[in-house]
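The values are calculated or read from the model by the stated rules, or taken from the named source; none is laboratory data. Treat the numbers as computed from the prediction; the structure is a model and nothing was measured. Counting neighbours? That spans all protein chains shown, and the Cβs are built from the backbone with ideal geometry, glycine included. Ligands, DNA and RNA are excluded from the accessible area calculation, which covers all protein heavy atoms including side chains. Shrake-Rupley method; radii C 1.70, N 1.55, O 1.52, S 1.80 Å.
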Amino acid sequence: SRAIKTNQDLLPETPWTHIFYNDFWGTLLTHSGSHKSYRPLCTLSFRINHAVGGMDPWGYHLVNVLLHAAVTGLFTNFSRILFGDGYWTLIAGLLFASHPIHTEAVAGIVGRADIGACLFFLLSLMCYVKHCSTRGSSPSTWGWILGAGLCAGCSMLWKEQGVTVLAVSAAYDIFVFHRLKMHQIFPALYKRKNLTLFFSIGLLTSWGTALLGVRLYWMGNKPPSFSNSDNPAADSDSFLTRTLTFFYLPTKNLWLLLCPDTLSFDWSMDAVPLLKAVSDWRNLHTVAFYAGLLLLAYFSLKGSSNERECNGKTVMNGKQNANGHSCHPEMEYKTLEVKSGFASKEENGIKKHEMQKLQLPSTENIVILSLSLLIVPFVPATNLFFYVGFVIAERVLYVPSMGFCLLVTVGVRALYVKAQKRLLKNLVFCSTAALIVFYGLKTVVRNGDWQNEEMLYRSGIKVNPAKAWGNLGNVLKSQSKISEAESAYRNALYYRSNMADMLYNLGLLLQENSRFSEALHYYKLAIGSRPTLASAYLNTGIILMNQGKTEEARRTFLKCSEIPDENLKDPHAHKSSVTSCLYNLGKLFHEQGHYEDALMVYKEAIQKMPRQFAPQSLYNMMGEAYMRMSRLPEAERWYVESLRSKSDHIPAHLTYGKLLALTGRKSEAEKYFMKAIQLDPTKGNCYMHYGTFQID
């Protein structure tokens with residue numbers, strides 16, 4: 001809702017340049033309550049969607065699907081660089097296209113940030129691959145590295161993790177293109193022929209540093225702040241708890257990639273219980289994960305072995321294999337001219353053509369690149385450098401899933417090669433096909449959960465019951481299922497009793513059903529849980545005012561008006577509530593005959609009023625106050641302002657009509673009374689005012 005429905009940056013009357021100064025949710029980036037999510041290109045795409053189709057969700061979903069299709073095509077094309085034109089490239093592409101972890105990013109509109117970032121991530125990486133292949137042989141090579149840098153910047157402007165493509169590009173250059181092992185990197189510094197390599201790496205490092213520096217400066221040189229429910233581990237006082245939990249979370253994320261059986265729209269709060277002791281059995285998963293990761297990296301980075309395997313066929317010391325490919329242990333990539341007869345034939349899913357240029361990396365090279373693609377883009381979400389506002393977010397795995405798909409593909413290929421019997425080879429191939437089918441079926445099922453809000457929130461109850469029940473309550477309330485909505489809110493509070501939003505929502509539901517005493521109770525609990533919740537003060541004051549407790553209402557409204565918007569997630573909504581509090585305080589003074597006090601409060605409300613606040617009632621009450629003080633020119637001015645801000649505002653038609661009648665402009669007055677009746681023929685108040693006018 002905040003990213004699209006209530007985001008003022010999407011509206012045509014808002015200057016488009018505001019997109020580059022506000023965060024993803026439309027809050028000024030330097031504001032203390034800003035989420036610091038700077039994604040202007042994604043917001044710009046939303047604005048274009050809004051300009052073309054308004055709030056029709058069809059267009060937004062279409063763009064997401066098209067972007068995912070483009071990313072899938074680019075990823076498959078990139079896989080050809082690693083696996084050649086054969087079955088393995090197709091398998092990698094199908095794994096990515098069908099993976100259920102992508103459902104949130106594609107089916108959820110705000111997930112477009114991850115898809116767009118991935119699109120430019122791949123464009124940047126492929127530009128750099130082209131730079132590597134033309135380096136030293138063509139002047140266009142520096143155009144390719146310029147393109148890589150620009151695409152990396154665009155990727156970061158879609159989502160922050162996009163900048164990590166520069167590190168992945170460096171890994172490609174060192175470990176894939178030049179095939180250096182860890183122990184060869186420093187000796188290579190002294191070899192003149194590798195100067196271009198380290199010059200390219202230096203450019204990547206400098207550009208990445210510049211992008212991060214500008215990004216940090218643009219957001220006010222301050223990290224964002226999050227509530228304890230967003231990331232409970234970050235809020236824990238125990239160093240042991242924080243450490244064990246943060247080390248465990250990547251393990252949980254990998255499991256979601258490997259076995260996406262249980263997915264959820266939200267993993268905050270207690271969805272992943274904190275690891276508070278070394279004896280927690282989940283630490284075994286953590287140990288196994290990091291041990292496996294380190295072993296995989298070690299055997300891929302250690303010195304070259306005598307026997308190597310290339311694209312599904314075994315070769316010895318760089319000798320040509322059965323497919324006409326060769327793997328060379330030299331540091332520089334060689335371009336191979338493969339000569340075949342006039343007829344082309346296909347073996348292992350790879351076609352051989354006359355004079356085809358092949359430069360396929362070995363299994364170890366692909367593993368290193370896959371690990372870098374899996375790990376590096378995920379690093380910003382690890383809480384290593386700064387705390388993030390979530391525990392697990394499936395959409396964040398959209399980019400790292402490319403590394404996972406490559407890793408699975410190269411692993412399957414290695415098993416296929418090791419299998420000696422045709423039966424075993426077929427078993428490996430069929431198992432991989434079954435995995436792709438199962439992933440696809442799970443994606444179809446998961447898309448069903450995203451069909452509407454009710455289904456989505458019901459699907460998340462088993463993972464995050466507090467958040468899911470609370471959101472489900474909002475949906476049921478909008479469907480006028482009041483008793484079910486109340487039960488949902490109470491279920492949410494059963495799991496987490498201090499949720500200010502749920503306490504407030506339950507209070508609002510009770511207030512709308514005239515259960516005022518209960519509503520006041522829950523509003524007070526909400527204020528106790530979050531003292532800055534202005535909307536709870538507002539509704540508390542309204543109930544007290546209607547109950548005739550004017551002094552209590554006055555104190556409540558005044559206290560609300562003094563709450564600053566610092567460190568609040570949604571300062572726009574807060575300012576709207578504060579403005580409404582001042583409006584109601586002015587009405588209270590007005591009803592007590594304190595018109596001067598009422599005017600002072602109304603003027604303060606106008607000063608604090610946010611852009612999205614509908615001011616017609618406030619302007620009309622300003623006119624009423626001036627009218628009671630017999631300051632008719634000022635009253636007329638504010639009545640006109642009220643009608644200018646909302647031309648069908650009935651109270652302003654009636655009050656302005658009364659003023660016109662009072663000043664002798666009876667024909668004009670009659671038009672405004674008739675217009676009010678025309679706007680709502682069922683409203684008896686309009687006929688009463690018109691009848692009074694006729695008698696006079």
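Quick notes on this one:
- For LYS666, a cut-off of 16 angstrom between C-alpha atoms picks up these aspartates and glutamates, skipping any fewer than 8 places away in its own chain: GLU636, ASP696.
- By definition, a body whose alpha carbon gyration tensor gives a ≥ b ≥ c is oblate when a/c is 1.5 or more and a/b is not larger than b/c, and region 548-662 fits this oblate description.
- Heavy-atom accessible area per residue - the chain, 1.4 Å, Å²: 47 Å²
- Region 142-203: Rg to Rh, with Rh as the Kirkwood radius over Cα pairs: 1.04
- Normalised by residue count, the chain yields a Cα convex hull volume of 202 Å³ per residue.
- Multiplying each eigenvalue of the alpha-carbon gyration tensor of region 532-613 by 5 and taking the square root yields semi-axes of 21, 15, 9 Å, largest first, rounded to whole angstroms.
- Carbon-plus-sulfur accessible fraction, the chain (probe radius 1.4 Å, protein heavy atoms only): 61%.
- Residues in region 115-153 that a label on ALA210 would reach, taking backbone N under 16 Å of a point 7 Å out along Cα→Cβ: 142-153
- Taking all protein chains as shown and a probe of 1.4 angstrom, HIS590 keeps an accessible surface of around 20 Å².
- Rolling a 1.4 Å probe over the protein heavy atoms leaves ASP648 with an accessible area of roughly 70 Å².
- If a spin label sat at a point 7 angstrom from the Cα of HIS285 along the line to its beta carbon, the backbone N atoms of region 234-271 nearer than 15 Å would be those of 244-264, 267-268, 270-271.
- Residues of type aspartates and glutamates that LYS477 reaches as a straight line, Cα spacing below 19 Å, ignoring anything fewer than 8 places off in the same chain: GLU453, GLU454, GLU486, ASP501, GLU512, GLU518
- Taking a ≥ b ≥ c as the square roots of the eigenvalues of the Cα gyration tensor, region 1-156 is classed as oblate, since a/c reaches at least 1.5 and a/b does not exceed b/c.
- Viscosity 0.692 mPa s, temperature 37 °C, Stokes-Einstein D of region 619-695 from Kirkwood C-alpha radius, µm²/s: 271 µm²/s
- Accessible area per residue (1.4 Å probe, heavy atoms of protein chains only) ranks MET455, MET545, MET688 as MET688, MET455, MET545, with the largest value leading.
- Kirkwood hydrodynamic radius over Cα pairs of region 148-295, then Stokes diffusion coefficient at 25 °C and 0.890 mPa s, in µm²/s: 130 µm²/s
- THR209, THR655, reordered so the largest accessible area comes first (probe 1.4 Å): THR209, THR655
- Helix axis angle, 400-418 relative to the chain longest principal axis, alpha carbon, degrees: 30 degrees
- In degrees, nearest ten, helix 195-218 long axis to first principal axis of the chain (Cα): 10 degrees
- Taking THR43, THR692 and ordering them by how much accessible surface each has at a 1.4 Å probe, largest first, produces THR692, THR43.
- Over all directions, the projected convex hull of the C-alpha atoms in region 502-554 averages 3.2 nm² in area.
- Taking amide H as placed 1.01 Å from N in the peptide plane, LEU28 has its amide H under 5 Å from the amide H of ASP23, each at least 5 places away in sequence or on another chain.
- On Cα atoms only, tilt of 482-495 relative to the major axis of the chain in degrees: 60 degrees
- Solvent-accessible surface (1.4 Å probe) assigned to ILE101 amounts to roughly 0 Å².
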